[in-house]
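To start, the structure under review is shown below, and the notes come after it.
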Amino acid sequence: EMKLHFGLLLLVVGTLVSAMKFDDFKKCDQSGFCKRNRAYADTLSVSPYLLLKDTISLSSSSVHADIKNTDTNILLTLDLQLLKDNTARIRINEKEPIKPRYDEHAKFTLVGEPEQKDMLHSDISDNGLITLHIDNTRKVVISPQPVRIEFLVNNEPVITLNDRGFFNFEHLRTKESHVPKMVEKKNEDGSVEMVQADSEKDLWEETFKTWTDPKPNGPESFALDITFNGFPHVYGIPEHASSLALKETRGGQGNYDDPYRLYNTDVFEYALDSPTSLYGAVPLMLAHKKGLSAGIFWMNPSETWIDIVKTKSSDSDPIIQKVFGNRPTSTQTHWMSEAGVLDLFVFLGPTTKDILRQYSALTGPAAMPQMFAIGYHQCRWNYINQRDVLEVDGKFDENDMPYDVIWLDIEYTDEKKYFTWDEPKFPDAIGMEKVLDNKGRKLVIIVDPHIKRADNYRIADEAKAQDLFIKKPDGKDYEAWCWPGQSSWVDFIQEKSYNWWKKQFSFDLFKGTRENVHIWNDMNEPSVFNGPEITIQKEMMHDGGKWEHRVLHNLYAGLSHAATADGVRERTAVQKRPFVLSRGYYAGTQRVGPIWTGDNIANWESLKYTNPMILSNSMAGIPFSGADVPGFFENPTPELLSRWYQAATYQPFFRGHAHIDTKRREPYLSAEPYKSITRDTLRERYALLSFWYTLFFEAYKQGTPMMRPMMMEFPNDENVFTMDDQFMVGSAILVKPITSEGSTSTQVYFAGEQPWYNTKTLVAENKQGLHTVEAPLDTIPAYYQGGNIIPRRERIRRSSVAMRLDPFTLVIAKGKDAIAQGQLYMDDEETYSFQKGQYALTQFNFVENQLSCQNMHEDITSQASLDFIKSHQSIRIERVQILGQSQAPRGIRVTDVRGVVTEPDFTFDTTTHVLTIKDPKVSVIQCGWNIAVY
Amino acid sequence: MVALKLSCILAAVTLVSASNIRGVDPEKYDLYNPSRDGQWTCLDGSKVISHNAINDDYCDCPDGSDEPGTSACPNSLFYCVNEGHIPAYIKSYAVNDGVCDEACCDGSDETSSLIHCPNRCKEVGETYREQQANLKQSTQAGLAAKAQLITEAQDQITQWEEQETILQDEIILKKSNMLKLQRELNILESKSTTNKKAKCQSDGLDVATLKHDIVILQKELDGLKDILAEMKVKHNHNFHDMAVKSAIFGYDEFMTRYESMKANIEQDLAHIDAEVSVQEEIEEELAEEEGEETVVEESTEEPVDEGKKHIHTLADTLLEKLESILPTKYKNTVMDALIPLLKKDEQPKENNFDGGISNEADVENARKLFQNAENEVNSLNSELEKVKQDLAVDYGKDKEWLKLKDVCVEKDEGEYTYSLCFLGDAYQKSNKDSTRTFLGKFEKFDGDKDLYKVHVHTHGTRCWNGPERSVKAKIECGLKNEILEVSEPEKCEYHYRMLSPAVCQSDDKVQQQQTEKSFIPIHEEL
């Protein structure tokens, strides 16, 4: 969290309630390269970049060629590779730079060298037009003059690079060799003189507020325009407090004036509905239209701005229709990065789920969390001592509210020295952790990447002595302010720093921690209280003076996160899946752990924005994210608190948190009826834990996020393309959180053709399209989609660990064809044994009034699979509920795995049409049984 | 060896009998008998189920009564026998959840493969009993200290109550003296001028004052009459106290004449009223004569003198009578108090009329006397106010907090030393530079069940960008007054954990609470 810090302390007067200080952060015209590239685009006549035909070389899966800037005669190299699974990579670099441009980030971002794929064939025309036939329907066409690359599917253009000619690549140069561009200037007396062009400003030095960026390397940015042909909407590129479907950024009614920005920053009380950058940055954009999705991954960790405009649909203009035919809206984007090389991946889907799988193949699978991570987390800045921690812990039990993790913010440390404890307040941290462990609960404590410059502090001493900190240009440790006062920042880009950091989490070094202690990385953008834009100066140096911070800024948070998670993983002999929450993030963060949307505010608007913000993360390959419940700053009303808990029940990461200036608001402190309502929603979360866990496994295997935009599940329904106030959890549950005060009803869009069943009453809604539904305070509108089987654990326990052996209730939401299916994933919930096959994936099928299951393990006959089933076979199905049952059956016949037939009791509710089968006594993972409704 | 075997057998026996219906208090087994046809009715009567469905790990009854021994129903309770300790109920969610519950020391809550819970009841029971004994001991010491506090408080209260009576009496006396002096002052002042209207008003005031005196005397008289009447009825006849007997005799005699005397007085008062109203009319007429000043008519003075005469007669009679009927031991006190009151009217009269036309010095002197008297009354009034306030303050059920008011304790918490004066002020003092921050003044008791166990101090120094500081002190029973721990769970809201004998409760009460507690699965952090 970012609290009132030194810099702001002087500025904030009166109440804490204020708003984001826009002046603290740059607009495009205050960022030299953004201004230059926007101006370049606006004043362009003809693109000077030509592909040199003679340099073209083709292989079975790639193209190489040189590009010449005919204005400067600088040569660039173009490399295009076709990769497996409808993916392509395009790289453009200087052919002979005066020194290397930063290209090393790929080793942190990609999980390996992407696998190439042979094309069917290729041809080059006489005028240098290259056509790559990927397969029978897909091809790439590279035009040489100016260079333009187009991806086509069924001969329709899908993605076009340099469609508008905005491609611009600033070559490295010395200040001495630089020849300024001169333009004519007409004086008032009519005379003409030559002056330096506007674009010459800010090339060698740039000032923002009181900071001057010395820019020793001068201009080194590059930009490219990318058109998504016929795609009305684009998504992704978090993190912004904006809508799911991205807005246009070049002014006009309802549009932004500034580009979306990717530059990890700690924004105090960030503004909603804004393209300003926030804590994280993932340069992955998806485009969608009816029948097709496509995407691009702009792999670059330097400051990046993205302009978005849309072409007018010709539907309404008869003249244009006459000339060009009925052309749908296209989305045109303009990507601008400050440094590095152009390294772009193109995904041809064809669905959003396919793109996320394609993206995961490059940047790695989402981490499979321990089960507890999906439970409810209770945090506050701060639980003040170990007695406080245990009292809060006990209160949850007294009030019958389940929770898994209690958290400690910065005050647990000895004067903000991470890896130490404030001993008077926590004299026996281990004892406290054991008490939590007895109930299966965990402790998460905060460790930030800024290290206090204190004497007799081992961490600082070692980091100083071994040169582990980020350096100033003069080679001395970079020092600035954060929580501890004067601090330095660990240089995670440097391998020895990364490895040293990992080791600090071993139990013998980090005293007072044990196996049920996990970590939280805050302030890792990095947040620097007295730095420009509350972060580090771009001229600071990494990796022993090798790279400026400028070239890799957005990577820093992700590396601190990864180093911490590696440390937590490696601290035990039998490795356990680490839990590390981070605030800053970048592409690849999904491999490491969850992130949250930072310091939000306890008001209705902020609650509303949790949905598009988390959905945007989902769309950008970061499936595990959440927002502080019920808002970090300020005191929530009881109603807001209850409504926020209801919403977060269906969001992936579920943590209550509070600013130090707020009143205590642990859910058990609410008065009735709010307390019971909040308890009910917490219990619903726990009932659905296994359902969530199965979705996490799907995210791990396929890259499909747990919390999904409607458009991901209903890609052919144009009504849902921009919908971000309702969403899907998996493909089974539709949720419409209530995000306005006093609402007791809301409009829900019932998409698709399947019946929907109210998750509370279990009654079929029999509605399609937009309908008003009741939503009294105790109800969040949530519906099972017909055709799904949802595994639930309805025994309310105090933590997820306590539920490990509990039996299941299967809810069968019958589809319109009376069919339903669903999966259940189980493993040991904490180690990596699942990667060795120690897991069970069971599919339940309900067809022709018979329920059965099927083992979906990758290797059914493996010993690991058999062992796992054997050790968990006693976990049974205690109840089956069939929704949408038209009439009472005559009976239920259960045939168990040994062929023994029993007839269990059942009840049929004639008003709800729910058939409940009592305890069929069949295993949830050992298949071979059958339950017949006759 | 023999002992070991025996305990094994005992354990086995216990198991057999307890396994009848797992999770049920053996005394309640009867509730779980099947009907003749093998059915059983949920304890809330809502449903009839097969007796076999009891503890079949499936929840049938809405009230959860069919699953006392499993976690199947969310709302049932599990009974742990806890032999060697005290039995306990835990909530169903804690059954077979892999946690050996504190409350279930016999480990009977866990039968799954997740965990084996050893029977710890012997040691837990021992520890518990030891703790109970310690608790009892410290509670008893605390109670003794509390009893002392209460006794001292009662003494203080009695003292205040006496003081209140004395002050009230004194105020009456002083007030009438003050009024008299005021009257004199007024006369002197009016004499120093020739303003007849002022004289008239002054005489009117005289009459009013005298009338007021009469009414007060009548009230006093009635008070005395009641005292004597009560003495007559309630005195111990077996003690042949001659003084008492003579007092009763005198009282009886007085009473024979009292009614006629009272009638006289009332008649006189009515007469005065009539005269006064006549005079007021005259005054009004005078006022209407457009400022024309006339010599004061003798007649206007007459009713006043008449009234005074009546009072003097009455006073003399009263004094005479009282002197004869009062027991010697009260006589002096009462007479000393009454004589100045009853006779006071006479002396100033002499002064007034002796002095003839008063001079400036006389006026000044009279003013001084009046002011002194007024000050005296005021200071007595504020003294009385204070005593009344003291008496009105809530010092706890038995005034146990009275003697602790403004008793201060402090605690060094490292960075700061925190202090609190009971029912007074609380402070936070920096140990670095001794700067002191005011945390709040006592506002109220705020314990839910035990109101006086929580003290709230509010309106401390406001925090920067935050609320006013405040203190919530939670006080537990202990021999000494002491701060155990100070924390700040919310910014600028300080929580004190304290000890004081004032909150100690009798043994019975404590035990009763302990028993109640053992039925709810609350984990006491030791």
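Computed quantities for the displayed model
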quantity: Fewest-first ranking of B:Cys421, B:Cys463, A:Cys482, B:Cys104, using other Cβ atoms within 10 Å as the exposure measure; calculated: B:Cys463, B:Cys421, A:Cys482, B:Cys104
quantity: Footprinting exposure proxy for A:Thr895, A:Thr649, A:Thr70, A:Thr535 (fewest neighbouring C-beta atoms within 10 Å first); calculated: A:Thr70, A:Thr895, A:Thr535, A:Thr649
quantity: Only Lys, Arg (+1) and Asp, Glu (-1) charged, at Cβ; chain A dipole about Cα centre in debye; calculated: 1780 debye
quantity: Residues A:Thr227, A:Thr210, sorted so that the one with the fewest Cβ neighbours within 10 Å comes first; calculated: A:Thr210, A:Thr227
quantity: Efficiency of FRET from Cβ geometry, A:Asp508 and B:Asn20, R₀ 60 Å, rounded to 0.05; calculated: 0.70
quantity: Given charges at Cβ of Lys, Arg, Asp, Glu: the protein assembly as shown dipole, positive-most of A:Tyr102, A:Ser690, B:Thr417; calculated: A:Tyr102
quantity: Formal net charge of residues neighbouring B:Val24 (Cβ-Cβ distance under 13 Å; K, R +1; D, E -1); calculated: -3
quantity: Alpha-carbon Rg with Dmax, taken over region B:43-153, Å; calculated: 20.2, 66
quantity: Set A:Lys68/A:Lys546; B:Lys232/B:Lys262; A:Lys452/A:Lys511; A:Lys68/A:Lys139; A:Lys95/A:Lys185 screened for pairs whose C-alpha atoms are more than 27 Å apart; calculated: A:Lys68/A:Lys546; A:Lys95/A:Lys185
quantity: When each of A:Lys416/A:Lys503; A:Lys99/A:Lys503; B:Lys444/B:Lys474 is checked by Cα-Cα distance, pairs over 24 Å; calculated: A:Lys99/A:Lys503
quantity: C-alpha center-to-center spacing [region A:867-934, region B:362-428] in angstrom; calculated: 77 Å
quantity: Helical contribution to [θ] at 222 nm, DSSP H n ≥ 4, -39,500 (n - 2.57), averaged over the protein assembly as shown, rounded to 500; calculated: -10000 deg cm²/dmol
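Readers should treat all values here as calculations from the given coordinates under stated rules, not as data from a laboratory. Keep in mind that this is a model prediction, so the values were computed, not measured. Heads up, the Cβs are rebuilt from the backbone with ideal geometry, glycines too, and the neighbour counts pull from every protein chain shown.
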